[in-house]
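The next block holds one structure in the form of structure tokens; read it before the comments.
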Amino acid sequence: MARTPGELAGARPGPAFEITVDGRAVSALPGQTVAAALWAAGVLTWRTTRGGGRPRGVFCGIGQCFDCLVTVNGVANRRACLVAVGPGDEVRTQEGEGRGELAV
Amino acid sequence: MVTGVFDLVVVGAGPAGLAGAGTAGELGLRVALLDMAEHVGGQFYRQPAAGLGAARPEALHHDWDAFVALRKRLAAGRVEHLGRHHVWAVERGADGDWAVHAVVGDDGGDGRPVRVRARAVLLAAGAYERQLPFPGWTLPGVVGAGGAQAMLKGGLVLPGKRVVVAGSGPLLLAVASSLASAGAEVPAVIEASGYLGYARHPRALAVNPRKLAEGLTHGAALLRHRIALRTRSAVTEAHGSERVEAVTVSRLDARWRPVPGSGRRIACDALAVGHGLVPGIELGTTLGCGTRTTADNTLALHLGSGQETSVRGVWGAGEVGGVAGAQLACIEGELAARSIAARLGRDPGPEGRVRQLSSRRTRLRTFAEAMAATHAPGPGWTGWLCDDTEVCRCEEVTAGRVREAVADQGARDARTVKLFTRAGMGWCQGRMCGAAVSCLAGDGQPPAQRRPLAVPLTLGALAGQGPEDASEPSQSQT
Ligand SMILES: Cc1cc2nc3c(=O)[nH]c(=O)nc-3n(C[C@H](O)[C@H](O)[C@H](O)COP(=O)(O)OP(=O)(O)OC[C@H]3O[C@@H](n4cnc5c(N)ncnc54)[C@H](O)[C@@H]3O)c2cc1C
Ligand code: FES
């Protein structure tokens with residue numbers, strides 16, 4: 001019986017690359033979404049809510065709930081479950097609306 | 001022939017849209033197939049991203065062969081697949097054609113808006129999960145059951161090592177067996193209904209032997225992975241500080257009220273939860289398409305025998321017409337394509353084929369209604385909410401605040417609750433809290449599915465220099 005999803009699907013991913021999550025180096029695989037890369041690294045949350053400041057991450061997994069909003073390379077409000085990671089991406093926890101991170 | 005106008009735009013490349021686009025292409029129509037995902041497949045046939053190099057993508061699926069066949073038909077016909085296109089509205093042009101508006105990119109953020117024009121539109125946007133809140137459901141590690149499935153199929157990742165699967169509906173069994181075969185420990189599947197409910201619909205079962213077989217396959221998978229199945233029970237609380245550490249499972253009475261004192265804790269580091277699916281119909285309702293209420297109190301598009309909506313020129317197929325699974329989605333997609341071909345003056349193919357598909361559709365729809373009735377949330381579920389349980393995740397509105405709007409401020413329906421509390425006004429536009437707010441408001445109505453923008457837009461995209469046509473059907477093909 002397979003012990004990991006990768007083994008089950010017979011995955012032979014392309015070479016891993018590095019991204020940073022709040023400044024910390026994390027390894028990611030080509031094709032993964034930001035959310036998948038973070039789950040694989042054991043990170044479940046990357047946003048805090050506007051009101052209560054509570055941690056959030058993936059909920060619906062298909063782009064419908066917007067709980068997974070995150071700041072990627074300085075752009076806030078990206079849906080981590082949809083956006084693909086690229087080498088060197090800087091992922092930052094998004095606080096509240098994430099407006100402070102926006103360029104405008 | 002009008003330059004730049006497709007015969008058909010299909011929104012959604014899941015089983016329904018694939019079958020629709022493939023058939024239409026074979027019948028000689030020029031088709032554009034739009035989906036927000038990069039790859040075709042939809043929810044059922046979601047596959048690992050190419051970069052993950054999965055040699056056995058079929059390991060996480062059943063019926064993979066059917067998908068391979070669908071993809072082949074797509075390639076053979078005149079179908080232009082436009083991935084990463086997020087459709088935000090469909091609009092009738094002055095000339096009677098349709099304009100389908102989309103933004104492009106992984107999450108629609110890549111800038112310029114596009115427009116695709118066509119003589120007919122097939123809505124095949126699928127469904128999303130219905131959520132019923134409970135104390136602790138916003139804790140890290142609590143994810144949608146379909147969401148866990150999607151993350152697994154697409155990203156080959158798991159939310160935790162020991163995952164409880166809970167809620168209601170047949171999807172839970174599929175999710176539990178996928179998670180377990182991918183290496184997660186699944187201590188239990190917690191189903192709020194009883195499977196005995198199906199016995200009340202003997203005809204629906206008798207004419208759908210394949211559905212019974214599917215049920216048995218899932219049952220066997222649960223046994224193989226030693227997953228306990230607890231029916232008439234629900235997760236009534238998730239516990240933990242940094243992330244979920246355990247859940248409380250309570251027995252439910254026939255109306256889904258938790259039985260006091262019946263709670264038992266199960267340790268876990270993730271919970272995959274969902275209470276059935278809600279048809280994603282806002283592109284249709286915004287156009288004025290009529291709806292019907294399903295047996296589990298969701299709104300679905302009202303569709304005629306040829307799959308046309310009440311708006312002439314707009315068709316629907318798959319979950320948008322009521323949640324019924326991938327097999328029916330394929331049948332409906334093909335039926336819609338044949339009906340569209342006939343409308344556009346093309347040969348819709350053999351009549352016998354349409355009759356055969358129609359009778360299969362009737363059979364499977366009967367089963368779907370039985371399934372919806374069996375798993376429909378009972379009214380007593382609100383009994384597991386505490387006043388401080390968040391109901392609206394986006395705007396952080398609690399059950400207590402909603403109850404106050406109802407009891408003290410006289411709100412009688414979800415719309416008024418929304419105005420008083422902001423529940424449903426956030427990013428997800430009420431997709432996650434709609435069912436709960438309707439129940440708490442006590443209006444007995446399925447949550448309205450009216451969203452003028454089906455996907456979020458930046459002001460820049462809205463104000464943009466006017467949409468440009470995304471892609472013109474290539475002239476060489478005509
Ligand atoms: C999260 C989730 C996971 C599921 N997993 C399973 C499973 O493992 N097994 C199972 O039997 N059933 C599963 N289902 C049930 C599933 O709905 C059906 O089995 C089947 O996929 C329905 O086919 P469809 O073509 O009607 O819709 P879908 O397969 O849902 O396809 C709809 C497509 O439309 C696209 N779309 C939606 N809105 C837009 C828009 N505005 N712009 C552009 N594109 C859009 C979506 O990206 C999607 O690809 C799942 C459902 C959900 C919501
Ligand atoms: S997890 Fe719901 S939008 Fe990303």
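Database remark: amide H of B:Gly169 closer than 5 angstrom to the amide H of B:Ala192, B:Ser193 (H placed geometrically; neighbours at sequence offset of 5 or more, or on other chains; Pro and chain starts carry no H). How big, in percent, is the set of alpha carbon pairs in region B:320-440 lying more than 18 Å apart? Pairs farther apart than 18 Å: 65 percent.
How big is the Rg/Rh ratio for the protein assembly as shown, C-alpha atoms only, Rh by Kirkwood, two decimals? Don't jump to the answer; show the numbers that get you there.
Numbers: Rg = 22.7 Å, Rh = 24.1 Å.
Result for the protein assembly as shown is an Rg/Rh of 0.94.
About its Cα centre, chain B has a charge dipole of approximately 1300 debye under the convention of +1 per Lys or Arg Cβ and -1 per Asp or Glu Cβ, with nothing else charged. The peptide list B:20-30, A:52-62, B:211-221, put in order of mean Cβ contacts within 10 Å with the highest first, becomes B:20-30, A:52-62, B:211-221.
Computed from label points 7 Å out along Cα-Cβ, the spacing between B:Arg162 and B:Arg292 is 4.6 nm.
So if the hydrodynamic radius of region B:377-445 is defined as the Kirkwood radius over C-alpha pairs, what does Stokes-Einstein give as its diffusion coefficient at 10 °C and 1.306 mPa s, in µm² per second? Stokes-Einstein gives a translational diffusion coefficient of 138 µm²/s. Relative to the compact-globule estimate of 2.2 N^0.38 Å, the Cα radius of gyration of region B:354-412 comes out at 1.88.
Phi angles across region B:295-306 convert, under the Karplus curve 6.51 cos²θ - 1.76 cosθ + 1.60 with θ = phi - 60°, into 3J(HN,Hα) values of 5, 10, 6, 10, 9, 10, 5, 7, 10, x, 5, x Hz, Gly and Pro given as x.
Per the Cα gyration tensor, region B:1-94 maps to an equivalent ellipsoid with semi-axes of 26, 15, 10 Å, ordered largest to smallest. In straight-distance terms, cross-link reach from B:Lys153 covers every one of the aspartates and glutamates whose alpha-carbon lies under 12 Å from its own, apart from those fewer than eight places away in the same chain; here that gives B:Glu58. Label sites at B:Asp387 and B:Ser358, each approximated as a point 7 angstrom past Cα along Cα to Cβ, lie 5.8 nm apart.
Here the Karplus relation 6.51 cos²θ - 1.76 cosθ + 1.60, evaluated at θ = phi - 60°, turns the backbone of region B:24-36 into coupling constants of 4, x, 5, 7, x, 7, 8, 10, 10, 10, 9, 8, 6 Hz, with x for every Gly and Pro. Its residues counted as N, region A:4-79 yields a C-alpha radius of gyration over 2.2 N^0.38 Å of 1.18.
With both labels modelled 7 Å from their Cα along Cα-to-Cβ, the A:Glu95 to A:Asn73 distance reads 2.5 nm. Going from the chain on its own to the full set of protein chains, region B:154-169 has these residues losing 50 Å² or more of accessible surface (heavy atoms, 1.4 Å probe, no ligands, DNA or RNA): B:Leu156, B:Val157.
If I stretch the segment between B:Ala94 and B:Glu185 completely, what's the gain in nm (0.36 nm per residue apart, minus their alpha carbon distance), one decimal?
On the way: separation 91, 0.36 × 91 = 32.76 nm, distance 5.71 nm.
So the extension gain works out to 27.0 nm.
Where the only charges are on Cβ atoms (+1 Lys, Arg; -1 Asp, Glu), what is the dipole of region B:370-445 about its Cα centre, to the nearest 20 debye? Could you put the intermediate results ahead of the total?
Numbers: 8 positive and 9 negative charges, 53 e Å.
That gives region B:370-445 a dipole magnitude of about 260 debye.
Across the accessible surface of region A:13-96, with the other protein chains kept in place and a 1.4 Å probe, carbon and sulfur atoms take up 49 percent. This model, with +1 at the C-beta of Lys and Arg and -1 at the C-beta of Asp and Glu, gives region B:131-274 a dipole about its Cα centre of some 480 debye.
What full-extension length gain, to one decimal in nm, is calculated for B:Ala50 and B:Leu196 as 0.36 nm per residue of separation minus the Cα-Cα distance?
On the way: separation 146, 0.36 × 146 = 52.56 nm, distance 4.18 nm.
Full extension of this stretch gives 48.4 nm more.
Between B and A, roughly 4100 Å² of accessible area is buried in total, ligands, DNA and RNA not counted and the probe set to 1.4 Å.
Averaged over the residues of peptide A:42-54, the number of Cβ atoms from other protein chains lying within 10 Å of each residue's Cβ is 3.
Close amide H pairs (under 5 Å, H built 1.01 Å from N) link B:Trp315 with B:Val121, B:Leu122, B:Leu123, B:Thr309, residues at least 5 positions away or on another chain.
Bridges between two residues of chain B, per DSSP, are antiparallel at a rate of about 50%.
With helices as the sole contributors, chain B gives -9500 deg cm²/dmol at 222 nm; each DSSP H run of n ≥ 4 counts as -39500 (n - 2.57), and the sum is divided by every residue.
Could you please state how large a percent of the accessible area of region B:113-175 is carbon and sulfur, counting protein chains only and using a 1.4 Å probe? Working shown, then result.
Working: 600 of 1120 Å².
The value for region B:113-175 is 54 percent carbon and sulfur by accessible area.
Across the options B:Gly147, B:Gln43, B:Ala372, the greatest Cα extent toward the positive end of the charge dipole of chain B (unit charges at beta carbon of Lys, Arg, Asp, Glu) belongs to B:Ala372.
For B:Ala267 and B:Arg210, compute 0.36 nm times the residue count separating them, minus their Cα-Cα distance, and round to one decimal in nm. Can you show the working numbers first?
Values: separation 57, 0.36 × 57 = 20.52 nm, distance 3.55 nm.
Taking B:Ala267 through B:Arg210 to full extension adds about 17.0 nm, to one decimal.
Farthest towards the positive end of the charge dipole of region B:208-357, among the residues B:Ala295, B:Thr217, B:Thr236, is the Cα of B:Thr217, using unit charges on the Cβ of Lys, Arg, Asp and Glu. In whole angstrom, region B:199-350 maps to an equivalent ellipsoid with semi-axes of 40, 20, 15, each derived as √(5λ) from the alpha carbon gyration tensor and ordered largest first.
Applying the Karplus relation 6.51 cos²θ - 1.76 cosθ + 1.60 with θ = phi - 60° to region B:241-251 yields 3J(HN,Hα) values of 10, 6, 7, 5, 10, 6, 10, 9, 10, 10, 6 Hz, where x marks Gly and Pro.
Using alpha carbons only, how many degrees (0 to 90, rounded to 10) separate the axis of helix B:171-181 from the longest principal axis of chain B? Its long axis makes an angle of about 80 degrees. For region B:126-143 versus region A:14-58, the inter-centroid distance based on Cα atoms is 20 Å. For B:Cys392, which sequence-distant residues (separation of 5 or more, or a different chain) have an amide H within less than 5 Å of its own amide H, given hydrogens modelled in the peptide plane? Counting only residues 5 or more places away or on other chains, the set is B:Val397.
The values are calculated or read from the model by the stated rules, or taken from the named source; none is laboratory data. Just so we're clear, the structure is a prediction, and the values are computed from it rather than from any experiment. We place every Cβ from the backbone using ideal geometry, glycine too, and count neighbours over all the protein chains shown. Surface accessibility is based on the protein's heavy atoms, side chains included, excluding ligands, DNA and RNA. Shrake-Rupley method; radii C 1.70, N 1.55, O 1.52, S 1.80 Å.
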